[in-house]
Structure formats: C-alpha cells, structure tokens
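Novice: Below is a structure I'd like to ask you about.
The values are calculated or read from the model by the stated rules, or taken from the named source; none is laboratory data. Note that the coordinates shown come from a computational prediction; the quantities given were computed from them, not determined experimentally. FYI the Cβ positions are ideal-geometry reconstructions off the backbone, even for glycines, and counts take in every protein chain you see.
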Amino acid sequence: MAKTHLYQPDLVIVISGPSGSGKSTVIDALCKADETLRESVSVTTRKPRRNEVDGIDYHFRSKPEFETHIAQDDFLEWAEYGDNFYGTLKSEIVAARETEKDAILEIEVKGALQIRAQDLSPARSLFIFIIPPSFATLEKRLRRRKTESETELKKRLAIAKSEVLEIKHFNYWVSNPENAPQHAVQQIQAIIAAERSRIDTQLIDTIHPLLGVDTSD
Ligand code: 5GP
C-alpha cells in the first residue's frame, strides 16, 4: 500500500478475534502487501507447533522466563490463554518505530483491552476485531487445523464466545468468510489507509511548514 510522503508511521494496529478466525493468515497477507507494516513477534509459553520457528512465529519461552519478563516490566500487555501465557514486548513497538513502520499485533482480546487502557502516545492505537461467519465455521476451522487436543479445542471455543462479547471495545469489525481471506485483507487495508490519513496534531505540524504556512504566532 503506498504511503503519502507526509505520513510518519505511528500506528499500533491491534488485530484480535477468536482463535480460528483467521488472524494469522490475514496479517501475513497484509504484511506481504505492505512493507511499511511490521508484525510484532510475541512471547509465549506454548510449545511450538510443527513448522513454527522460534523468533519468527513466536519467542518460545519457559514459564520462569516469561515470569522474568513480567518482573522486568518488559511487556506492553500479557495474558493467560488456555493453559499458556502470551505477551507483547514493549521492545517490539520500539523496533517498529525505529524502522519507521506501523506495528501490527495479533493478540487475544484480554491483551487488546489492556492496550486499549493505555496511552501509547506518541503512537496511536487502532483496534480491529476479526469475526468468523459463525461459531460452526470457527469449530470447523479449528478441527481442520488439527493443532489442538479435543480438550484444548473445547476451551478455545468457550473463550471465543466470551471474546465476541468484547467487540464493543474495538474500533472496527471485519468479517472473514470461509475461503476468502482477501475480503478481510482488503477491508483492513482500507481501514489502515483511512487511519493514516486521519488529521491529528502531528500531521498538522508537518503539513503547515510544507505548505509554507507561517505558524510563528
Ligand atoms: P495460538 O496458541 O493459537 O498461537 O494463540 C492463542 C491466542 O493467543 C490467539 O488468540 C493469539 O492471537 C493470541 N496471542 C498471540 N500472541 C499474543 C500476545 O502477545 N498477547 C496476547 N494477549 N495474546 C496473544
């Protein structure tokens, strides 16, 4: 997605929604299409799945290591999900800023709400909730994935129901229909483009000198 020359990346884009709603697929496509997005790599105590790589999919850490991060106040947010812990390192947001990219986070809802409660300035946060067409579709997707035991899968479905109740705290919802992730991708690209064009103090400070407007008094 093309950026305007005026735009200074300052977004923390939080993508949330139930497990199985297709967040990872959508985020991968977004990042592939837009090199000015930087996906945050979370820390988790969950064991790696087949094909998952430490440092790319997650930073896979032991419970004591995760607790050390908590004690050192390294996390922007963290939450317990199922039987595991997940957290976003503050350093991931700093890295996005330093590389002049907008940060994009794929996290569950409790973590999203923790970020919602914080003032991230000079960064701005944007909250997008991805919903599957139905719970039946969600269950089908989770079963097809074959990454969870039956018990874990049941837990994820129960969590999904409570997560959908929190949709009111998000700025946008995006539906992710079966076999058509490009619809959700296009919709999120449009939302991000709109946010990047939002007029705020930072943009006004940049635009006035560029247009030769004297703001000295
Ligand atoms: P999974 O085990 O399927 O990779 O992830 C389980 C849930 O944890 C998903 O909803 C995923 O989005 C969420 N998650 C991944 N990383 C983080 C994180 O850093 N913080 C929080 N709060 N949730 C995360």
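Novice: Considering only the range 84-116, state which residues are among the small types (Gly, Ala, Ser), closer than 15 Å to Asp73 by Cα and outside any helix (DSSP H, G or I).
Specialist: Answer for the range 84-116, where residues must be among the small types (Gly, Ala, Ser), closer than 15 Å to Asp73 by Cα and outside any helix (DSSP H, G or I): just Gly87.
Novice: Every residue in the range 42-93 that is among the β-branched types (Val, Ile, Thr) and either within 15 Å of Ile115 (Cα to Cα) or at pLDDT below 95 (or both), please.
Specialist: Selection gives Thr88, Ile93.
Novice: For the range 35-55, which residues satisfy the criterion of being part of a loop (DSSP other than H, G, I, E, B) and more than 15 Å from the chain's Cα centre (by Cα)?
Specialist: Glu35, Thr45, Arg46, Lys47, Pro48, Arg49, Arg50, Asn51, Glu52, Val53, Gly55 - these are the residues of the range 35-55 that are part of a loop (DSSP other than H, G, I, E, B) and more than 15 Å from the chain's Cα centre (by Cα).
Novice: Continuing with this model, one more query. Considering only the range 107-115, I want to know if a residue exists there that is touching a helix residue (DSSP H, G or I) at 6+ places or on another chain (Cβ under 6 Å) and more than 14 Å from the ligand (Cβ to nearest atom).
Specialist: No, the range 107-115 contains no residue that is touching a helix residue (DSSP H, G or I) at 6+ places or on another chain (Cβ under 6 Å) and more than 14 Å from the ligand (Cβ to nearest atom).
Novice: Pairs only if they're at least six apart or on different chains, beta carbon under 7 angstrom, first in the range 18-47 and touching a residue at least 40 places away in the same chain (Cβ under 8 Å), second of a type in the set (Lys, Arg) and more than 13 Å from the ligand (Cβ to nearest atom); list them, first residue then second.
Specialist: Short answer, once both residue conditions are applied: Thr36/Lys3; Thr36/Lys101; Leu37/Lys101; Arg38/Lys101; Thr45/Lys63.
Novice: In addition: Which one is surrounded by the most Cβ atoms within 10 Å (Cβ to Cβ) among residues in the range 60-79 that are more than 9 Å from the ligand (Cβ to nearest atom) and within 21 Å of the chain's Cα centre (by Cα)?
Specialist: Phe66
Novice: Considering only the range 126-217, give the helices (runs of 4 or more DSSP H) lying wholly within it that have at least 2 residues that are among the basic types (Lys, Arg) and surrounded by 15 or more Cβ atoms within 10 Å (Cβ to Cβ).
Specialist: Because the criterion is at least 2 residues that are among the basic types (Lys, Arg) and surrounded by 15 or more Cβ atoms within 10 Å (Cβ to Cβ), the helices (runs of 4 or more DSSP H) in the range 126-217 that meet it are 150-164.
Novice: Scanning the range 42-58 for residues that are under 29 Å from Arg196 (Cα atoms) and crowded, with 18+ Cβ neighbours inside 10 Å, which turns out nearest to the ligand (Cβ to nearest atom)?
Specialist: Ser42
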